[in-house]
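Right, one structure below, let's go through it.
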Amino acid sequence: MNIELQDIKFSYGPVRALDGITVRVENGACGLLGPNGAGKSTLLRILLGFLRPDHGQGHVLGHDIRKDPFAIRRLVGYMPEDDCLIPGMDAVTFTSYFGELAGMPRQEAMKRAHDVLYYVGLGEARYRMLETYSAGMKQRLKLAQALVHDPKLLFLDEPTSNLDPQGRVEILDLIKDISSNKDIQVLISSHILTDIELTCTAVVILNKGRVAAQGELAALRQVDFSLYELRVKGESGPYLRALGEAKCRVEETEDQLLKVYLPAGFDRRELFRLADRLNVQVRHFVKSQSSLEDLFARTVGVD
Amino acid sequence: MPIAEQGYVHWEGRLDVRRRPWRPIVRLGIRLAFRRKAFKFVLGMAFLPTLVFAAGVYISERLDDFKEMIRGADRFLKVDPEFFKAFYASDYLLFWMLIIMVLAGAGLIADDLRHKALQLYFARPLRRRDYLQGKALTLCFFLLLLTLLPGFLFIVLKVIFSGSFKILAEYPWLPLSVAAWSLVAAGFFSFYTLALSSLSRNRRYASILLIAVYFLSDIFFGIFYGIFRDPAFTLLSVKSNLQQVAAALLGAKPFFEVPWEYSAAVLAVLAVLAGVVLSRKVRGSEVIK
């Protein structure tokens, strides 16, 4: 078990940030999802021991978050959301410095800094001053400093924020590589659902300081089988209106694919009866798994 | 830019549980300070009194040779506690020590706050105490370079030039006094600098604060002393309090008619206040209450 939290509560003064969080995170990459203010960053800070929970208990890699935060920090790599780079340093000095602070011998830290900088794609730029780095390079560098002491568990806070599409893809590739091939568990906090979908096998969704959903992504998607994808031929307007009157939510994609969410207890054969009545041909009918977006919208309660 | 130029390789070593986790912080602080040209110049300027007083130690043993040059000023060349007081409590040395603090210390915490780097530090097995120790010892390194090193150098030079241990026989406590004052000055200036550095996210503002507090306190002392002629106003001035304590620790006559213990108490209160400021400002994450 990588992370196990039980009934964690935390308040910033009168504001309750976490309200009875109980979470179990097994091996593999796990996404921590939630809208702004859901408590994602607070949860990460509690896991790292920056904040002490008001109530509840938890373990990270078998170490108590209250009693043994230093053992946790030795085993965990943390990539914060902010551009927290120290000016006046080059990437090698910066990375080896944080390796040393993690407890690596000086020379080992320096050697290792070169290795991880090559790994994240900053090999050529490793002697450049950090002030000259682009947003994408800064993200890679933050990943490098999180990896330098070869952690067992990586906490990544919004790893793709401020990145252009290409930079985002490259960082996600690195994260996928780390979590799938390198025996390093990853917890990614993000509000970009597609990032989580691309990199994670499990997810924890927070909302208003509570766990809205958690588990294997594949299993969570299968909770709701009421989403169907349809293509129809004929006058689709009356058909869509009829579906709406039958309390079905319908989304039409750019390529005329209809995503129909059936309400509880709705018989799917009714879709065909309606089509028959309105002289519409159903040319494509597939039972769809809900996307993470759907899952998120349903659990958090937003469209 | 290509990624994954090299595959990820696990590190085979073992992380140490460091007994002195602040060492990398000190090393980096010193390295970054020496990268600044202005800092090297200021450090050179701050060593001028050391050169002058070292020459004084030499001349004190060759008074006959320099008779023409000295012309009755030989009382200043007696190497005794007053000689050390003149060195340590000089406005010149204290001023350059302050400037060293501005260049090497103003950004020590302010830069970390500005760039939100504290979370990187505290994501490591590092306590707040270790972080502050690292920052403070960076400053102590420079301050002891300007106080402890010259003090012992003068004593050693005196022994060498005189060919006897007379100075140590006459003032056996002198090495201890030098060490004590050096530690007091380094400790106070470190607390003072770090606290003001933590009050701002901008190293320039922190620099201005460092200089302003030091000089304004002295200006207030001058104004009130000019009006009321009461030496108790000495306690308002950071500089005068330092000079009082320096004189007392070196066994020399104090500058002002105020018990040196009061000055020491003022410095201690300022250091405690600085400690409180640091404990509130230096956190792994911003906590909004």
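The values are calculated or read from the model by the stated rules, or taken from the named source; none is laboratory data. In this text, all values refer to a predicted model and were calculated from it rather than measured experimentally. Neighbour counts run over all protein chains shown; Cβ positions are idealised from the backbone, glycine included. Areas reflect the complete protein model, heavy atoms only, side chains present, ligands, DNA and RNA absent. Shrake-Rupley method; radii C 1.70, N 1.55, O 1.52, S 1.80 Å.
Can you tell me which residue is surrounded by the fewest Cβ atoms within 10 Å (Cβ to Cβ) among those in segment B:250-268 that are touching a residue at least 40 places away in the same chain (Cβ under 8 Å) and over 20 Å from B:TYR214 (Cβ atoms)?
Checked segment B:250-268; the qualifying residue surrounded by the fewest Cβ atoms within 10 Å (Cβ to Cβ) is B:LYS253.
Checking the condition surrounded by 14 or more Cβ atoms within 10 Å (Cβ to Cβ) and under 30 Å from A:GLY34 (Cα atoms), which residue from A:ALA242, A:ALA202 passes?
Working: A:ALA242 fails: under 30 Å from A:GLY34 (Cα atoms).
None of the other options fit; the residue is A:ALA202.
Got at least one residue in segment A:145-168 being in contact with a helix residue (DSSP H, G or I) (Cβ under 9 Å, 6 or more places away or on another chain), open to solvent by less than 10 Å² (accessible area, probe 1.4 Å), farther than 27 Å from A:ALA71 by Cβ and hydrophobic (A, V, I, L, M, F, W, C)?
Taking every residue of segment A:145-168 in turn, none turns out to be in contact with a helix residue (DSSP H, G or I) (Cβ under 9 Å, 6 or more places away or on another chain), open to solvent by less than 10 Å² (accessible area, probe 1.4 Å), farther than 27 Å from A:ALA71 by Cβ and hydrophobic (A, V, I, L, M, F, W, C).
Looking only at strands (runs of 3 or more DSSP E) that fall completely inside segment A:51-163, which ones have 2 or more residues that are over 23 Å from the mean Cα position of the chain (by Cα)? Lay out the reasoning, then the answer.
Details: elements: A:55-60, A:76-79, A:153-157.
Here the list reads A:55-60.
Take segment A:159-175 and flag every residue that is of a type outside the set (A, V, I, L, M, F, W, C), within 13 Å of another protein chain (Cβ to nearest Cβ) and either farther than 27 Å from A:THR42 by Cβ or in contact with a strand residue (DSSP E or B) (Cβ under 6 Å, 6 or more places away or on another chain) (or both). Talk me through it step by step, then tell me what you get.
To start, the set of residues in segment A:159-175 that are of a type outside the set (A, V, I, L, M, F, W, C) comprises A:159-162, A:164-168, A:170, A:173.
Keeping just the survivors that are within 13 Å of another protein chain (Cβ to nearest Cβ) gives A:164, A:166-168, A:170, A:173.
Of everything in segment A:159-175, those that are of a type outside the set (A, V, I, L, M, F, W, C), within 13 Å of another protein chain (Cβ to nearest Cβ) and either farther than 27 Å from A:THR42 by Cβ or in contact with a strand residue (DSSP E or B) (Cβ under 6 Å, 6 or more places away or on another chain) (or both) turn out to be A:ASP164, A:GLN166, A:GLY167, A:GLU170, A:ASP173.
Quick check on my filter: what residues within segment A:85-125 are over 16 Å from A:ASP150 (Cα atoms), within 9 Å of another protein chain (Cβ to nearest Cβ) and surrounded by fewer than 23 Cβ atoms within 10 Å (Cβ to Cβ)?
Selection gives A:LEU85, A:ILE86, A:PRO87, A:GLY88, A:MET89, A:THR93, A:GLY123, A:GLU124, A:ALA125.
Looking only at segment A:1-41, filter to residues that are away from chain B (no Cβ under 13 Å) and more than 17 Å from A:ALA212 (Cα to Cα); which one of those is surrounded by the most Cβ atoms within 10 Å (Cβ to Cβ)?
Per the criteria, the residue is A:ALA29.
Within segment A:49-62, can you find the residues that are crowded, with 19+ Cβ neighbours inside 10 Å and of a type in the set (A, V, I, L, M)?
Scanning segment A:49-62 gives A:LEU51, A:VAL60.
For segment A:53-95, which residues satisfy the criterion of being within 17 Å of A:SER41 (Cα to Cα) and of a type in the set (Asp, Glu)?
A:ASP54, A:GLU81, A:ASP82, A:ASP83
So which of B:LEU108, B:LEU113 ends up being in contact with a Gly (Cβ under 7 Å, 6 or more places away or on another chain), within 14 Å of chain A (Cβ to nearest Cβ) and part of a helix (DSSP H, G or I)?
B:LEU108
For segment A:63-82, how many residues meet the condition of being more than 7 Å from chain B (Cβ to nearest Cβ), among the acidic types (Asp, Glu) and surrounded by fewer than 18 Cβ atoms within 10 Å (Cβ to Cβ)?
2
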